[in-house]
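Accompanying notes for the structure given below.
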Amino acid sequence: MADKKIGEYYAPPPKMGKWEGFKKFIWNSETSQCLGRTGSSWAKILLFYIIFYAALTGFFAAIFAVFYQTLESDKPKWMLDNGLIGSNPGLGFRPMPPEANVESTLVWYESSKKDNYKYWVDETARFLKSYEDLPKKNQVNCSFEQPPPEGKVCGIDGASFSPCTLDNNFGYHVARPCIFLKLNKIYNWVPEIYNDSKNLPNDMPEELRQHIKAKQSLRPNETGVVWVSCEGENPADVENIKARDYYPRMGFPHFYFPFKNIEGYIPPIVAVQFTVETGVLINIECKAWARNINHDRSDRRGSVHFELMVD
C-alpha cells in the first residue's frame, strides 16, 4: 500500500504537445492559474508595483520641486562670470551661408545676376523680419537722452538702416553688400564704454579712434556706444576694402543694455555696407569694443570673422 502511494505521489505529469502545453500555461482550469499565477498572486504583484512606482514618482517629483524652487523663470541662476556663458559677449553676422554649408562663413555672389544674389537678400530680409515679429507691447522709442523706463525695452526702426534696406536689395545688386552685426545676449551684462578719446586701447583701429574723438568733440552725449569696427585681416584684405559705412551708427547704443529678458527685447544690430574689389576673396574681422570685452581670435570672443567675395 505504501509503495503504491509513493508511486502515485511521484507520478510525472502527463506528456502534452507544445500547443497543448502553451494553452495550459495561458490558462490552467485545474488550478485556476493564468500565466503560471493565480488571481490573488497577480493582484499582489500588481499592488506591489503600483505602490513602488507611485513612491518612485513621488520621490522624483519632490526632488524636482525642491530643485525648481532654486530657479527663477525669467533669469538664470548663475550669471556673468559664474555662468557657463561668461561675461564676454560674442559677435554674430547675418546673412549666413546656406545650411548645406553650415561651417562656411563665406558670402559669395555675382552682383549682375539676380538669381545669384537673391538668396542673400531673402536671408537678410528674413533675419530682419524676426525682429519685426517680436511682441511690441513693451517696446518704446529710445535715444541717448531718453533711455527706456523700468520694465520697457528699446525698439528698432528699420528705416534707420537705409540704404541697407530690402527696397535697395541690401546693396547686393550694386556690389555694395550690407552685413548685419549683432551682439550676443548675456543676462545683466552692462558694457563699460570707451567714451574718452584720450583713454583708448592701442590696438583699436585708427578710423574708430578718430570717430570717437569727433563724437566726443561734437556730440559728447552720443559716445555711450559699444563701438564696432570691421577690418581686413591681412594687408591684402585691407587694400581690397575700398570703403565701409555703418548704419545707423558705428556701434550698439548703451540704452539697449542690460538684457533683462523682458518680453519684446530686441538685441541691437548694426548694418555695415562694404565697397570691395570684385573678383577677390577678402577676409574680414569685425570687433566689438568696450572695456569689458576681450578679443580672442581663436575663440572668436568679442569678434566675428567672415569672408566676402563679389564677382
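Summary table
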quantity	calculated
Residue selected from segment 133-149 under the condition more than 19 Å from G224 (Cα to Cα) and of a type outside the set (A, V, I, L, M), by the criterion surrounded by the most Cβ atoms within 10 Å (Cβ to Cβ)	Q139
Qualifying residue in segment 54-68 (condition: open to solvent by less than 100 Å² (accessible area, probe 1.4 Å), touching a strand residue (DSSP E or B) at 6+ places or on another chain (Cβ under 9 Å) and not assigned by the TED database to the domain that holds C164)	no
Matching option when the condition is within 19 Å of F255 (Cα to Cα) and at pLDDT 85 or above, among S160, S87	S160
Test: residue in segment 110-121 that is surrounded by fewer than 14 Cβ atoms within 10 Å (Cβ to Cβ), assigned by the TED database to the domain that holds H173 and touching a helix residue (DSSP H, G or I) at 6+ places or on another chain (Cβ under 9 Å)	yes
From L128, L91, residue being touching a residue at least 60 places away in the same chain (Cβ under 8 Å), in the same structural domain as N169 (by the TED database) and either open to solvent by less than 100 Å² (accessible area, probe 1.4 Å) or touching a Leu at 6+ places or on another chain (Cβ under 7 Å) (or both)	L91
Among the residues listed as V270, V304, the single one being under 19 Å from the mean Cα position of the chain (by Cα) and either part of a loop (DSSP other than H, G, I, E, B) or farther than 22 Å from I156 by Cα (or both)	V304
Yes/no for P98 being under 21 Å from the mean Cα position of the chain (by Cα) and touching a residue at least 60 places away in the same chain (Cβ under 8 Å)	no
Strands (runs of 3 or more DSSP E) lying entirely in segment 160-257 (those with 2 or more residues that are closer than 22 Å to L91 by Cβ and either in contact with a Leu (Cβ under 8 Å, 6 or more places away or on another chain) or open to solvent by 40 Å² or more (accessible area, probe 1.4 Å) (or both))	178-183, 225-232, 241-247
Single residue of segment 222-263 satisfying the filter (touching a helix residue (DSSP H, G or I) at 6+ places or on another chain (Cβ under 7 Å) and free of Cβ contacts under 8 Å to residues at least 60 places away in the same chain) that is nearest to K75 (Cα to Cα)	V225
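Residues checked against (1) farther than 14 Å from Y256 by Cβ; (2) touching a residue at least 60 places away in the same chain (Cβ under 8 Å); (3) not polar (S, T, N, Q):
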{"residue": "T124", "(1), (2), (3)": "yes, no, no"}
{"residue": "V140", "(1), (2), (3)": "no, no, yes"}
{"residue": "V153", "(1), (2), (3)": "no, yes, yes"}
{"residue": "Y172", "(1), (2), (3)": "yes, yes, yes"}
{"residue": "L181", "(1), (2), (3)": "no, yes, yes"}
{"residue": "P191", "(1), (2), (3)": "no, yes, yes"}
{"residue": "S197", "(1), (2), (3)": "yes, no, no"}
{"residue": "P205", "(1), (2), (3)": "yes, no, yes"}
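The values are calculated or read from the model by the stated rules, or taken from the named source; none is laboratory data. Note that the structure is a prediction, hence the values are computed from the model and not measured. With ideal geometry, Cβ positions are generated from the backbone for all residues, glycine too; neighbour counts draw on all protein chains shown. The accessibility values were calculated without ligands, DNA or RNA, using every heavy atom of the protein model including side chains. Shrake-Rupley method; radii C 1.70, N 1.55, O 1.52, S 1.80 Å.
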